[in-house]
């Protein structure tokens, strides 16, 4: 039998080049994200919640800068965007998601190795931290993320410069007390109030692991004299089990809703989820 010669140190060095290149690329992406991200975490010592916002990088790095860390399926989705700015926005959102996952995991692995799966309802989670609740949202101004190890959280962000008909949409989508509040607001404040209530409702739905198809009428909110849920699903503890707040982000309306996870409703390991990563 012919003896197998040991591989030279040169071969070992060559093998390490791609890994080193990937590590450096991941490190540079992490540095880029870290330098641009804003920490919007509420100052509440009794909650283990993190909230981060990354402004949109319209003049940021090229698409392949972020693409190196994404999965084949994500890159395939990115190629479907006809406009290059839409493609880069998608890549930035996915990179930001992995960046947040790495922070939650508390390690320094390459971002390409931080993969999210999703439940049937579309809620992202890390298989290594199945009980950690994540929520993500984005608009043309940037990406918003929140996660918690003990509470259920939901975030939503909407651009203030979008075209909406606040009164008509409030009457169609909102409860009477909410639509009345929009109608009675000053004309130049109606859109802002409508979007604040909309983001609160979407964030509330995300805090129970659902989307708009569950029904915007599942939650009702007030913004005066303070932001609070006035109606919420009884199966999740009712309105007193939810803590709502508005987030200050220039050019946007954004909301965070926190749900205390009841013993009977604590998040189970989402083994029924599919294997969509990113």
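Any read-out appearing in this document is the output of simple, stated calculations on the displayed coordinates, not a laboratory observation. This is a predicted model, so every value here is computed, not measured. Cβ sites come from the backbone with ideal geometry, for glycine too, and all protein chains shown count toward neighbours.
With an 8 Å cut-off on Cα pairs and a minimum separation of 6 or more residues, tell me the relative contact order of region 37-261 in percent. Provide the component values of the computation, followed by the final result.
Numbers: 405 pairs, mean separation 38.6, N = 225.
Result for region 37-261 is 17 percent.
D for region 126-199, whole µm²/s, Stokes-Einstein with Kirkwood Rh over alpha-carbon pairs at 20 °C and 1.002 mPa s: what number? It would help to have the intermediate numbers written out before the result.
Working: Rh = 14.1 Å.
The estimated diffusion coefficient comes to 152 µm²/s.
What percent does the relative contact order of region 54-188 come to when contacts are Cα pairs within less than 8 Å and at least six residues apart?
Values: 146 pairs, mean separation 22.9, N = 135.
Relative contact order for region 54-188 comes out at 17 percent.
Can you check how the C-alpha radius of gyration of region 37-261 compares to 2.2 N^0.38 Å, as a plain ratio? Mind showing how you got there, number by number?
On the way: Rg = 17.8 Å, N = 225, 2.2 N^0.38 = 17.2 Å.
Computed over Cα atoms of region 37-261, the ratio equals 1.03.
Work out the FRET efficiency for residue 167 and residue 230 from their Cβ-Cβ distance, taking R0 = 22 Å, and round it to the nearest 0.05.
Details: r = 20 Å, r/R0 = 0.93.
Once the sixth-power term is evaluated, E becomes 0.60.
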